[in-house]
Amino acid sequence: MTTLVLCRGAVVKTIAAAAADPYFTAMLAGAGEVRRYAGVLRDAGVPLPGDLAVTDGACGTEVRHTWIPGPTLLELPGWRSPEFLAAVTSIARWVRALEHTGARLDANLANFVIPDQGNLTCIDVLPPLLTSLRPAETGPWEQVIGGLCFDADITLCALAGYAARHLLGVLDPGPAATGIIASVLRICPGHLRPGSLAARWFHSRLQAARLAAAGQVPAAEAQTLLAVTSVRALQAAPRAARRQHAEAALAVMASALDRRAT
Ligand SMILES: Nc1ncnc2c1ncn2[C@@H]1O[C@H](COP(=O)(O)OP(=O)(O)O)[C@@H](O)[C@H]1O
Ligand SMILES: [Mg+2]
């Protein structure tokens with residue numbers, strides 16, 4: 001969605017309006033707003049690249065900063081899971097710290113780099129998640145992505161699910177893995193509107209990860225269930241088929257989870 005260009009050790013990022021989903025183009029903001037957004041993140045304790053610069057470029061708002069050598073959280077191997085857990089705990093703390101501001105954090109694990117030297121850094125501020133720019137939710141995908149981006153309980157639930165999925169993929173099954181996965185699952189605070197599509201969507205993923213961590217669902221089946229509730233797959237469905245896609249995905253989850261609960 002963002003165009004990334006590497007130029008003499010710096011990354012230059014823009015959002016190509018033509019390529020982005022209308023949901024994201026509705027959030028496009030000028031350099032001033034992106035700078036304000038970055039300021040709110042910093043005030044909440046979110047570490048951003050020190051040399052982050054935002055300008056109004058010919059192709060839209062441009063964000064520039066140095067390339068930070070090091071893995072993103074999604075690339076962290078199993079033996080680094082204590083660091084992974086500490087990083088995910090920090091992200092959850094920032095999400096909660098931002099809850100009472102007009103800014104939100106894109107808690108995608110690929111947005112956080114553990115530098116070879118230095119501390120965990122958030123490298124993605126485009127589009128700026130400002131509640132004042134929250135687009136209307138015109139369909140099921142927009143409801144799911146809107147919750148993910150803007151509602152802290154949904155962001156935390158999704159973060160817990162994404163972190164659990166990563167750990168299920170990189171850790172050998174056993175009590176140590178079960179323990180660490182249980183700690184990330186506790187990041188979900190529960191939901192004010194448990195019947196909303198976004199809450200049902202992300203919370204069912206959490207339950208699948210919980211059963212897999214407890215050895216009640218084979219890891220391969222859990223990964224299949226997590227793929228069924230992929231936000232990208234929902235977005236890829238034709239607009240007119242998305243409601244049916246979402247309900248079918250939730251029905252697959254409910255039947256797999258109910259079978260285990262009984
Ligand atoms: N400053 C940076 N240092 C290291 N890696 C980066 C940096 N900026 C981006 N990346 C890499 O590029 C990926 C995509 O960047 P990001 O800004 O999150 O764009 P998008 O969310 O549109 O894919 C990141 O997940 C990370 O792997
Ligand atoms: Mg990103």
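Note that the stretch 214-223 has calculated 3J(HN,Hα) couplings of 7, x, 8, 10, x, 3, 5, 5, 4, 5 Hz, one per residue in order, obtained from phi through the Karplus relation 6.51 cos²θ - 1.76 cosθ + 1.60 (θ = phi - 60°); glycine and proline are x.
In debye, nearest 20, what is the charge dipole magnitude of the stretch 69-261 about its Cα centre with +1 on Lys and Arg Cβ and -1 on Asp and Glu Cβ, if you could check?
Values: 17 positive and 14 negative charges, 91 e Å.
So the dipole magnitude of the stretch 69-261 works out to roughly 440 debye.
Building the convex hull from the alpha-carbon atoms of the stretch 217-262 and averaging its projection over directions returns 3.2 nm². Among 83-94, 217-228, sorting by the average number of other beta carbon atoms lying within 10 angstrom of each residue, highest first, gives 83-94, 217-228. Estimated translational diffusion coefficient (Stokes-Einstein, Kirkwood radius over Cα pairs, 37 °C, 0.692 mPa s) of the chain: 171 µm² per second.
Values in this text are rule-based calculations from the coordinates and carry no lab data. Quick caveat: nothing in here was measured; it's all calculated off a predicted structure. Neighbour counts run over all protein chains shown; Cβ positions are idealised from the backbone, glycine included.
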